[in-house]
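Read-outs throughout are calculated quantities, based only on the coordinates presented, and are distinct from any laboratory measurement. All figures in this text were calculated on a predicted structure; none of them were measured in a lab. Note: ideal-geometry Cβ built from the backbone for every residue, glycine included; neighbour counts use all protein chains shown.
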Amino acid sequence: MDRRQLLKHATLGVGFPALWSAASNPIANAQPPAAGRNLPPLKITDVRTILTAPANIRLVVVKVLTNEPGLYGLGCATFTQRARAVETAVDKYLKPFLIGKNPLAIEDVWQSSFVSSYWRNGPVLGNALSGVDMALWDILGKRAGMPVYQLLGGKCRTAVDTYAHARGGTIQEVEADVRRFMEKGFRHVRAQVSVPGLSTYGVTAKPGEKTPNDATELWEPRAYVRAVPRLFEHLRKQFGDDVELLHDVHERVPPILAMQLARDVEPYRLFFLEDPFSPEDVGYFTHLRKLTSTPIAMGELFNNPNEWLSLVSERLIDFIRIHVSQVGGLTMARKIAALCEFFAVRTAWHGPGDVSPVGHACNVHLDLATPNFGVQEGREFTQAEQDVFPGCPELRVGYFHATNRSGFGIDLDEKVAAKFPITDDPSFDMRWGNLRRRDGSIAKP
């Protein structure tokens, strides 16, 4: 078929059975040259989920295997409150869809997997897809013999600045914890203080305060909104500007109180105030921007691009806090970072304990290659986590460092992982959904 015939068929909407068929997709099955190695076409042969809890936090890791001996990739799919639901989504739905596909066709696999359920944008499918997507990038890096950050354009920085989590039952205890992290070399510290008599986010519960499922934890926002400015007034008096201070509201207060809090902490020059509103209340950001210059971070609960597009394009936030394994993995996160660059929004990817070390490695590689990087939520990995995941990103003097190994540079020892099984089935964290006001009404966690 010559060029004129091709144009005629395209104009008439005629298909091209000789060029494309459902059984032989040239995109999904196209293979780049294997660097002279004369290797067979690469295909996905298996997709597996590994559930483990080395730090007593439910983690879900996806392992994608290929027909090339020893070549596999790892990705984080951790949705800790619904770990078994993600496991089912991967094993029962994505796996059959992916077997036989080309693991190097990352964008095509992402797009086809995203619409494979028709109803989409939820956290279960998002985490399942993210685990697969990260694993494919890991495979690509290993096959190319390069770290993933090199595939993203190379390093913009030599290491990744992180923030630590200081907390305490009193302002003085928080001060001591901030000082401890500063002495370790951290330049950014998130500070959270307990409010007496209330279950305050970010502060470890005391022994005996955990409640069974038929009990509740008490929360009232006004006492908290009064306490936080006092905390930062004290910390600034003690430390001056020698440390960047952060705080997480965790969407727990009514929007009007959140706006008051953002104004009240403005004199104390926070690096950012995180999640002042819930995703259901993002319309308030237009009002907040007019009221205060306190930098705002937002996004760890976002699933759908419509939740963050206007916040970025209208310059209503300063840091994007998206949970990479919820929005679709590295493929989507790098697009979000590029979007944010044009609107002076910096990245601050979600990185708590319920992101697996594989997910942290993905964050670090993206951070290294992102020009509009802001800060990364840091984590000191336990020895058990390091045993299960050899090659964890190394935290030194408040900086994450990636290895120079190919892919994400991290592995999973399945025999060691099996020593830390998830035992609290059905896997549901009973803290969430038990937070209530004094009148008995439910509160957002």
If packing is taken as the mean number of other Cβ atoms within 10 Å per residue, what is the order of 244-252, 332-340, 145-153, 417-425, highest first? 244-252, 332-340, 145-153, 417-425
For an R0 of 22 angstrom, estimate the FRET efficiency from the Cβ-Cβ distance between Gln172 and Arg222 and round to the nearest 0.05. 0.45
With labels modelled as points extended 7 Å from the Cα through the Cβ direction, what inter-label distance (nm, one decimal) is found for Asp46 paired with Asp425? 2.0
Treating only Lys and Arg (+1) and Asp and Glu (-1) as charged, each at its beta carbon, one finds that the stretch 150-404 has a dipole about its Cα centre, in Debye to the nearest 20, of 580
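Can you give the charge dipole size of the chain about its Cα centre, rounded to the nearest 20 debye, using +1 on the beta carbon of Lys and Arg and -1 on the beta carbon of Asp and Glu?
On the way: 51 positive and 49 negative charges, 148 e Å.
Here the size comes out at about 720 debye.
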Nearest 10, in degrees from 0 to 90: the angle of helix 357-368 to the longest Cα principal axis of the chain is 90
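Calculate, for Phe343 and Gln111, the FRET efficiency according to 1/(1 + (r/R0)^6) with r their C-beta to C-beta distance and R0 35 Å; round to the nearest 0.05.
On the way: r = 25 Å, r/R0 = 0.71.
Given R0 = 35 Å and the Cβ-Cβ separation, E is 0.90.
Per-residue ellipticity at 222 nm for the chain, helices alone: DSSP H runs ≥ 4 residues times -39500 (n - 2.57), over residue total, nearest 500 deg cm²/dmol?
Numbers: 17 runs with 151 residues, N = 445.
The helix-only estimate for the chain comes to -9500 deg cm²/dmol at 222 nm.
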Diffing the stretch 259-269: the Karplus 3J(HN,Hα) column from phi (6.51, -1.76, 1.60, θ = phi - 60°), in whole Hz with x for Gly and Pro, holds 5, 5, 4, 4, 6, 5, 8, 3, x, 9, 6
Count the DSSP beta bridges whose two residues both fall in the stretch 150-404, then state the antiparallel fraction as a percent rounded to the nearest 5. 20
Assign unit charges at the C-beta atoms only (+1 for Lys and Arg, -1 for Asp and Glu), then state the dipole size of the stretch 210-272 relative to its Cα centre in Debye, rounded to the nearest 20. 220
Considering the options Leu235, Pro352, Ala176, tell which one lies farthest towards the positive end of the dipole of the chain, charges being +1 on Lys and Arg and -1 on Asp and Glu at the Cβ, about the Cα centre. Pro352
From the phi angles alone, apply the Karplus equation (6.51, -1.76, 1.60; θ = phi - 60°) to the stretch 40-47 and give each ³J(HN,Hα) in whole Hz, x where the residue is Gly or Pro. x, x, 7, 9, 6, 10, 7, 9
When only Cα pairs under 8 Å and 6 or more residues apart are kept, what is the percent relative contact order across the chain? 20
Could you state the angle between the C-alpha long axis of helix 330-341 and the longest principal axis of the C-alpha atoms of the chain, as a value from 0 to 90 degrees rounded to the nearest 10? 60
Taking H as built 1.01 Å from N, whose amide H comes closer than 5 Å to the amide H of Thr66, not counting residues under 5 places away? Thr45, Leu71
Applying the Karplus parametrisation 6.51 cos²θ - 1.76 cosθ + 1.60 with θ = phi - 60° to the phi angles of the stretch 375-389, what ³J(HN,Hα) value in whole Hz is obtained for each residue in order, glycine and proline being reported as x? 7, 10, 4, x, 8, 8, 6, 5, 4, 4, 5, 5, 6, 6, 10
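Only bridges whose two residues both fall in the chain count here: according to DSSP, what percent of them are antiparallel, nearest 5? Provide the component values of the computation, followed by the final result.
Values: 20 of 44 bridges.
Expressed as a percentage, antiparallel bridges in the chain total about 45.
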Relative contact order computed over the stretch 150-404 (Cα-Cα under 8 Å; 6+ residues apart), in percent: 21
